Amino acid sequence: MSFKTFFQSIILVAFWAPVIAFAQGSHPVSLSQNTQAKSSGKPISKDLFGVFFEDLSYAADGGLYAELVQNRSFEYSASDRKGWNPLTGWEYTTEGYGYGTISVESGLPVNHNNPHYVVLNIDDPGQQGVGVTNLGFDGITIKSGERYNFSVYVRQISDKPIPMQVQLRGNKGAIYGTFSFETQSRQWKKYSGVILANQNADSARLTIVATQKSKLAIDEVSLFPQNTFKNEANGLRADLAQAIADLHPKFMRFPGGCLVHGDGLDNIYRWKNTIGPVENRQQQRNIWSYHQSVGLGFYEYFRFCEDIGAKPLPVVAAAVSCQNSGGTWAIGSTGQKALSMADMRGYIQDILDLIEYANGPVTSTWGAKRTIAGHPKPFHLQYIGIGNEDAQTDQFRERFKMIYDAVRAKHPEITIIGTVGPSPSGKDYDQGWNLADNLSVPVVDEHFYEKPEWFLRNNNRYDTYRRQNSQVYIGEYASWGNTMANALSEAAFMTSLERNGDIVRMASYAPLLANLNHTSWNPNLIYFDNKTMVQTVNYYVQQLFSTNQGDTYIPNKIEFINNKAGKDSTLAASCVKDNKTGDIILKIVNAGSNPAPAKIALTDFNISEKKASVKILKGNPDDKNTIVQPGNITPASTSISFAELEHYIAPAYSLSIIRFTARDH
Ligand code: AHR
């Protein structure tokens, strides 16, 4: 079974399993049961709720990265995916009786990192020219009246300047927008222009033709909407980026996941390959069986974090590849491989250079590169992750320690996050924690993809965690599905993260984005196609928590009347205070089928308002948001008097967020 097939089989099992009924677990979730919390309240990590981004399911190319041309630099190959080649996504265009030849060459490239380009030898341009047409990612979606930035590198091989036509085309010869230029150089030269779209279209194509007998080379063909997130060049798709921004994440982890440690040693993600001019970046195959243009690279990740007010959390491989390299049980599986000791010095230097790239002064080598990219100010990197759910082998441990020691010695100001395997328990988890204990790693990264019942049953997981050692970053978690039942199980669990916000420093649902036509992992937080996107109910749970986080947990304020013994795991709640605003925020989760009366200890608060604001997310357990349409489940806003709130009844299958201001609590 290949790596991808292995994961797909997990997805299928998760998706086709019968609807999962909630278990009535044996662990108390009533706030009054939490022995950890003191009545005065306890601080919650400022960085508790963030996001995890991985280029999985076309999350970057064909997704968040707004480039509309697929395989823009002719670097696709069969190593990305069987059957792919440098002309995948392209057609040779010889309408109007033109003819000539097309070839893919690599003798004199724009940059040696981007070796392939197309050579057109046009014998007769016919009436409409001869050239190439890009099909986009499942077509190119354009909007009437919007402007698109086009660019291309051309090297004129024949003597005379060559007139070129660029067209956004539809079916049956429809032209949606044009741009023309004439080549001026026998060296590689970038030509740019703006195309104004005169139609809405879902499946436009981009055609570039030479209209004279000539020979020329073409590379790095690009088309971006001007309307990117914050109108940035080499930017992000505005609606997807905004949806992530609307989560108000306190941090963003990037670039993954398994993508970080890669499918074999030569596939380990190397951040230095992803910065600088896009045409010079070194592209690579994606562990999820496609291609990474790395147009969305580390500069763009840092910039996006800054744009949305999220702390950047880059994760680097611990100098070992993914243990599933070559497929989990497949013939040809290579398992975890480690960089040689001879390579470690350079590898560690790359990680130190990353910190300099993010934070170093403009006068430093890597700070200067950040400055050239357009950002003289530092990106204020505070966290770095080393390793991703790696098998805890001797070779891993040895390399992790080498990196850990070097980063600590040179950058004691950086908080290092270690890794404790892919599951919430087991050998790698135990050994990972042992290593963290031995090295006093400040934070470790736990992962769990589990059934909803697990999240309900494990509401008390962190109540009794040892608190003298590492803190926890739950770097990846999700219950297996996108229904209301799944989302509410996550919500219930998240109340426990607030309750334990002293030891659980950070948490991020995973994965974040999936292209509906190229989904290789389910569930995800946001699904999209070229035109639109779907915010799942899980998304709204994340948003309701992250926008109502607070900084202090206040115990013993909410009691479920019918759950005095605390045995009903479908009920969970938390009470937090946001000291900046003085707001008290109650989160009440009822993942069960009956309305749940709860007593709220309001007399403890000095309230001057008449009503509290309420946001409710509710539905049936099987409900899910599929395509954007009326009827999708979104949080509803209302208000409630304090007399009613004192005896609040949490509707069946709901998450309630109740907010009011209390003076001097
Ligand atoms: O989130 C999807 C994958 O799950 C990540 O790449 C990996 O870290 C985990 O196994």
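Of note:
- For segment 144-167, a residue qualifies if it is over 22 Å from Gly235 (Cα atoms), of a type outside the set (Ser, Thr, Tyr) and assigned to a loop (DSSP other than H, G, I, E, B), and the qualifying residues are Ile157, Asp159, Lys160, Pro161, Ile162.
- Meets criteria (touching a residue at least 40 places away in the same chain (Cβ under 8 Å), open to solvent by less than 80 Å² (accessible area, probe 1.4 Å) and in contact with a His (Cβ under 8 Å, 6 or more places away or on another chain)) for Phe605: yes
- Counted residues, segment 42-75 - those being in contact with a Leu (Cβ under 6 Å, 6 or more places away or on another chain), in a strand (DSSP E or B) and open to solvent by 10 Å² or more (accessible area, probe 1.4 Å): 0
- Cβ-Cβ under 9 Å pairs, at least 6 apart or on other chains, segment 212-225 side over 24 Å from Tyr97 (Cβ atoms), far side surrounded by fewer than 21 Cβ atoms within 10 Å (Cβ to Cβ) and of a type in the set (Ser, Thr, Tyr): Glu220/Ser151; Val221/Ser151; Ser222/Ser151; Ser222/Ser192; Leu223/Ser151; Phe224/Ser151
- Note on segment 415-458: residues that are open to solvent by less than 10 Å² (accessible area, probe 1.4 Å), aliphatic (A, V, I, L, M) and away from the ligand (no atom under 16 Å from the Cβ) amount to 5.
- When residues of segment 492-520 are limited to those that are crowded, with 23+ Cβ neighbours inside 10 Å and assigned to a loop (DSSP other than H, G, I, E, B), the one nearest to the chain's Cα centre (by Cα): Leu512
- Count of residues meeting criterion [in a loop (DSSP other than H, G, I, E, B) and open to solvent by 20 Å² or more (accessible area, probe 1.4 Å)] in segment 76-95: 13
- If the condition is being more than 25 Å from Asn234 (Cα to Cα), of a type in the set (D, E, K, R) and touching a residue at least 40 places away in the same chain (Cβ under 8 Å), then segment 168-211 contributes no residue at all.
- Test for Asn594: is it surrounded by fewer than 19 Cβ atoms within 10 Å (Cβ to Cβ), of a type in the set (S, T, N, Q) and either more than 16 Å from the ligand (Cβ to nearest atom) or in contact (Cβ under 8 Å) with a residue 40 or more places away in the chain (or both): yes
- The condition of being closer than 30 Å to Asp604 by Cβ and touching a strand residue (DSSP E or B) at 6+ places or on another chain (Cβ under 7 Å) holds for only one of Leu513, Leu544, that being Leu544.
- Filtered residues of segment 565-603 (kept if of a type in the set (Ser, Thr, Tyr) and either in contact with a Cys (Cβ under 9 Å, 6 or more places away or on another chain) or not in a strand (DSSP E or B) (or both)): Ser569, Thr570, Thr581, Ser593, Thr603
- Residue in segment 542-553 that is within 30 Å of Ile140 (Cα to Cα), of a type in the set (A, V, I, L, M) and not in a loop (DSSP other than H, G, I, E, B) present: no
- Restricting attention to segment 521-535, the residues that are within 15 Å of the ligand (Cβ to nearest atom) and either open to solvent by less than 10 Å² (accessible area, probe 1.4 Å) or not in a loop (DSSP other than H, G, I, E, B) (or both) add up to 5.
- Of all residues in segment 531-548, those that are closer than 18 Å to Ser654 by Cβ and in contact (Cβ under 8 Å) with a residue 40 or more places away in the chain have Cβ atoms under 7 Å from Cβ atoms of residues that are surrounded by fewer than 21 Cβ atoms within 10 Å (Cβ to Cβ) and among the hydroxyl-bearing types (Ser, Thr, Tyr), 6 or more apart or on another chain, in Tyr540/Thr634.
- With respect to (1) within 24 Å of Asp428 (Cα to Cα); (2) among the aromatic types (Phe, Trp, Tyr); (3) open to solvent by 20 Å² or more (accessible area, probe 1.4 Å), the lone exception for Phe396 is condition (3).
- Within segment 497-511, restricting attention to residues that are of a type outside the set (Ser, Thr, Tyr) and within 16 Å of the ligand (Cβ to nearest atom), the residue that is nearest to Lys46 (Cα to Cα) is Met506.
- Criterion (among the aliphatic types (A, V, I, L, M), under 24 Å from the mean Cα position of the chain (by Cα) and either modelled with pLDDT of 95 or more or at negative phi (or both)) met by exactly one of Ile372, Ile386: Ile386
- Residue in segment 96-104 that is assigned to a loop (DSSP other than H, G, I, E, B), modelled with pLDDT under 95 and either closer than 29 Å to Asn273 by Cβ or not hydrophobic (A, V, I, L, M, F, W, C) (or both) present: yes
- Condition check for Gly173: of a type outside the set (Phe, Trp, Tyr) and open to solvent by less than 30 Å² (accessible area, probe 1.4 Å): no
- All conditions but one from (1) farther than 24 Å from Tyr404 by Cβ; (2) out of contact with any Phe, Trp or Tyr (no Cβ under 7 Å at 6 or more places or on another chain) apply to Leu296; the one that does not is (2).
The values are calculated or read from the model by the stated rules, or taken from the named source; none is laboratory data. Quick caveat: nothing in here was measured; it's all calculated off a predicted structure. Heads up, the Cβs are rebuilt from the backbone with ideal geometry, glycines too, and the neighbour counts pull from every protein chain shown. Heads up: the accessible areas ignore ligands, DNA and RNA and are worked out on the full protein's heavy atoms, side chains in. Shrake-Rupley method; radii C 1.70, N 1.55, O 1.52, S 1.80 Å.
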